[in-house]
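Worksheet: one structure, shown below.
The values are calculated or read from the model by the stated rules, or taken from the named source; none is laboratory data. Source: prediction; values computed, not measured. Here the Cβ is made from the backbone with ideal geometry for all residues, glycine too, and neighbour counts use every protein chain on show.
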Amino acid sequence: MTAEHEARKLALIKRLRRVEGQIRGIQGMMERDADCESTVQQLTAARRALDKVFYETLACALQQELETGTPADAGAQAKLEKISSLLTKYG
């Protein structure tokens, strides 16, 4: 496992822990009958954070798939890196 891969994994775990805290906070908001709009804002933030983890993990899966290819896949590697970047940036 490369240092870059390990750093990405730790960043994703950290993000998931923040989402976990957000979800607990949302549960508390609902238990206290908090304003619905405030609750929706928090739900949206948590959903976006989960989406980001999803797209980064999907990009990782694509990267792993390409790494099992042949060395002649260098052009495909560059394309995959571009797609991975787009997924994590805009996903």
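Restricting the search to region 37-70, which residues are modelled with pLDDT of 75 or more and small (Gly, Ala, Ser)? Residues satisfying the conditions are 38, 45, 46, 49, 59, 61. All of (1) at pLDDT below 90; (2) within 21 Å of residue 16 (Cα to Cα); (3) not hydrophobic (A, V, I, L, M, F, W, C) hold for residue 73 with one exception: (2).
Can you tell which of 19, 40 is farther than 20 Å from residue 6 by Cβ, aliphatic (A, V, I, L, M) and surrounded by 14 or more Cβ atoms within 10 Å (Cβ to Cβ)? First the steps, then the outcome.
Values: 40 fails: surrounded by 14 or more Cβ atoms within 10 Å (Cβ to Cβ).
That would be 19, the only listed residue that is farther than 20 Å from residue 6 by Cβ, aliphatic (A, V, I, L, M) and surrounded by 14 or more Cβ atoms within 10 Å (Cβ to Cβ).
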